1. Under a crude label model (7 Å from the Cα following the beta-carbon direction), how far is GLN21 from GLU225 in nanometres?
2. Say a site is exposed when it is one of the GluC sites (Glu not before Pro), sits in a DSSP loop, and has at most 13 other Cβ atoms within 10 Å; what is then the longest site-free stretch of the chain?
3. What lysines does LYS203 reach when the alpha-carbon gap must be under 29 Å and sequence neighbours fewer than 8 apart in one chain are set aside?
4. Taking amide hydrogens as modeled 1.01 Å from N in the peptide plane, which residues meet the under 5 Å criterion relative to ALA36, leaving out close sequence neighbours?
5. Considering only protein heavy atoms and a 1.4 Å probe, what is the carbon-and-sulfur percentage of the accessible area of the chain?
6. Hey, got the Cα dimensions of region 110-256 along the principal axes, in Å, largest first?
7. Compute the Rg to Rh ratio over region 186-302 from the alpha carbon atoms, using the Kirkwood formula for Rh, and round to two decimal places.
8. Per residue, how much accessible surface does the chain expose to a 1.4 Å probe? Answer in Å², no decimals.
Amino acid sequence: MVTSRYYRVANLTFGFTAEEQVFDLLPNYAPFEVQASEADLFHLTVTNNSCPVDETDLTAFFTDKSDEDMPRIELYQLPEQWLLCVSMYRDSETCCRILASHDWTKATLYINTPQQRFAVDNAAMLLYAFTACFKQALTLHASVIQYEGNGYFFLGKSGTGKSTHSRQWLSAFPEAELMNDDNPILRLVDGRPVIFGSPWSGKTPCYKNMCAPVRGIVQLKQAPENSFERLRLPAAYAYMLSSSSGLKIIPKVMDALYATIATVVQSVPTILLSCLPNEAAAQMSYKAILTFPTIFLDDVPT
């Protein structure tokens, strides 16, 4: 039986239309389900039918295959649509195709893999990033801790130790809580940076529908000893941009990302933490952030 369900992440709603068994594969979305009849961002229809467009004779508008351990993404621009082809690994065959309107608000996912959860999860996460950027929301590659009512998130390339640093915070501060370990959403709410949990958390099953005002940003760098420095705005902006998902090749997308990131890095302190994987590094990053003022420390508006 085909049905529709809606989900709200960072106060932005999107919807799926799919067979009931597809939703059984997506328990990570359950905390975000809402009663709604329309979407703020996008509506995705899921089908096992063959995609009516063949990319074989098309020239890719954009190809992302920078990391062997990450999915390969190929984007094709059609006269009135986008075609997005996703592979599980850099050298594997295409496992799903997304045919979308030019504004990405309406899309159909064509799955040709037994890995249905992977296909739906990645399609939704990509569509969210592509559309939410125009709502002052960033999909980040980061790990996030909520502590004392505030949010702290950790940036860095894969393998830098974001998850490890979060675990050290949880060990150093027993009242701290992991909000998300891979793809949180940062959104400006009434002009203030607020970090939100999401249905996408990488290898760590952490799908919490919660939020907190951002108190600090930590860019991680492995080092033989612990030290920190506050980043100047250009460097802070560059790190935030590299950690934000979106179609950066499109100027209007870059403009939207730039405007949001610029507000964030001017509002809350960003530090570069050169560190070891130990509790002392967590304590240092927390104390370092508190050394610097932030503009927004009020409660998240209701």
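The values are calculated or read from the model by the stated rules, or taken from the named source; none is laboratory data. None of these values were measured; they are calculated from a predicted model. Glycine also receives a Cβ, built like all others from the backbone with ideal geometry; neighbour counts cover every protein chain displayed. Quick note on the areas: whole protein, heavy atoms, side chains included, nothing else; ligands and nucleic acids left out. Shrake-Rupley method; radii C 1.70, N 1.55, O 1.52, S 1.80 Å.
1. 6.0
2. No qualifying site falls inside 226-302, the longest such stretch.
3. List returned: LYS65, LYS106, LYS135, LYS157, LYS162, LYS221, LYS248, LYS287.
4. TYR6
5. It is 49 percent, rounded to a whole number.
6. Computed over the Cα atoms, the extents are 48, 35, 33 Å.
7. So for region 186-302, dividing Rg by the Kirkwood Rh gives 0.97.
8. For the chain, the solvent-accessible area averages 46 Å² per residue.
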